[in-house]
Amino acid sequence: MDKKTFLEILAKYNRGTANKEEIEFLEAYYELYDAEGNILDSVNSQEKLNIKNEISAGLLLEVSSQQNKKIPFYYSKWWSVAAVLALLTSLSIFYFKSKKTEVLITQTEKENIIKPGVNQAILTLADGSTIGLNDSSHGVVVEEDGLIVTKGTDGKISYNVEKDLIPSINTVATPRGGQYHLELPDGTKVWLNAASSIKFPTRFSGKNRIVDVTGEIYFEVARNKEMPFLVRTHHQQIEVLGTHFNVNAYDDELAEKTTLIEGSVKVTKLDKTANKNTLWKVLHPGQEASIKAKGAQIDVTTTDINLAVAWKNGYFKFDRADINAVMRQIARWYDVEVVYVGAKSEDLFVGEMKRTEDIKGVLRILELSKIKTSIKGRTIIVTN
């Protein structure tokens, strides 16, 4: 919340026109401000910068209304109250410990740092040979008769294929803890999230351009009206002419989702047992299609497209996500295992965090939301 918005709410409060949520926000702010004193006066400029960085990664908690349980006022569903709490709590926890304690915490974190994912992938050629792709080198990575694969200084790989070359199938796959960006032979741009893959021909031919994917991938499809672009997953086929969209098809998610950013796509549910594809929907920008593995329909809803592409833009972003959904994303990006001890939290999470944080920074934000975590090797233990 910026200063202008805060002052507008304060003015409404003084005029007696503030609504219930705005009144709760101001009461929360002043109660905690009085309890802690003028916090910002006690820290230097570098610490203020650190505080700003902590808050920019703030993960806010929205408690599920289904449980009807009594909760502290600072878990109000209005995000601004939670934001103030996150600010004041982080100040009291991280900036009011003795110098000796701060040194000990820093040393402990250095011993157990789990870094975020990086740009890395494996390119598998038609003959089964593999080539590691990362940011450490660039230039020509494959040069065969009629086929040249190059990697730019930005890490993106691209194909240059002679027209008469017989197409072969290549695969680019990212591990857990990896992401990658490539350009397909037709000029389509593709971004792969962690633990994802795309299988494609070295030259598109025939009536359609067909690729097979797993995991999560963002597409910017090169327009070609004469040759539609088809994306196939386990349970769906997406047909486009030229558009931007995101596909989430991880096996451990509850449903496969296709989110349209611009243009239009036709999503068809694949029914391999019946050997027919009769169920389909056309999406418009801002819509998302959801297909469950054992479901009999395609659910289409209007959604926040920023939520779907947050990973591509360097963020975790959640909107009423449960702890399972949150930790699945964290596990894939940091290449860790997650173990739950005791009953899982039934709270729902709203907010965003940078994916460039080491895992301690991410877990610290969760702990502000009363989720207890600990690290054993590359295993995250979550305790309610």
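For region 148-172 versus region 238-255, the spacing of their alpha-carbon centroids is 23 Å.
Kindly provide the trypsin sites (Lys or Arg not before Pro) of region 215-298 that DSSP labels as loop, not H, G, I, E or B, and whose Cβ sees at most 14 other Cβ atoms within 10 Å.
Taking region 215-298 and a limit of 14 other Cβ atoms within 10 Å, the loop trypsin sites (Lys or Arg not before Pro) found are Arg223, Lys225, Lys272, Lys294.
Under the combined filter of DSSP loop state and at most 16 neighbouring Cβ atoms within 10 Å, region 171-228 retains these GluC sites (Glu not before Pro): Glu226. Neighbour counts of other Cβ atoms within 10 Å put His234, His244 in the fewest-to-most order His234, His244. Neighbour counts of C-beta atoms inside 10 Å place Thr124, Thr302 in the sequence Thr302, Thr124, starting with the fewest.
Summary of the geometry: region 178-222 and region 324-364, compared by the centres of their Cα atoms, lie 28 Å apart. The Ala255 and Met227 beta-carbon pair, evaluated with R₀ = 35 Å, returns a calculated FRET efficiency of approximately 0.75. For region 180-304, what does the alpha-carbon gyration tensor say about shape, rounded, prolate or oblate, given a ≥ b ≥ c as the root eigenvalues, a/c under 1.5 as rounded, and a/b over b/c as prolate? Cα axes put region 180-304 in the rounded bin. Note on Met227, Met353: ascending count of other Cβ atoms within 10 Å places them as Met227, Met353, the fewest first. Under the 0.36 nm per residue contour assumption, what length would be gained going from the current alpha-carbon distance of Gln297 and Leu165 to full extension? Length difference between fully extended and current span is 43.4 nm. Here's how it looks for Val265: its modeled amide H is under 5 Å from those of Leu283, which are all 5 or more places away or on a different chain. Let a ≥ b ≥ c be the square roots of the eigenvalues of the Cα gyration tensor of region 141-218; is it rounded (a/c under 1.5), or, if not, prolate (a/b larger than b/c) or oblate? It is oblate, given that a/c is not under 1.5 and a/b is not larger than b/c.
For Ser168, the amide hydrogen comes within under 5 Å of the amide hydrogens of Thr202, Arg203, counting only partners 5 or more places away or on other chains and with H modelled in the peptide plane.
Each reported figure results from applying straightforward, stated rules to the coordinates on display, with no laboratory input. These figures come from a predicted structure and were not determined experimentally. Note that each Cβ is placed from the backbone with ideal geometry, even for glycine, and that neighbours are counted across all protein chains shown.
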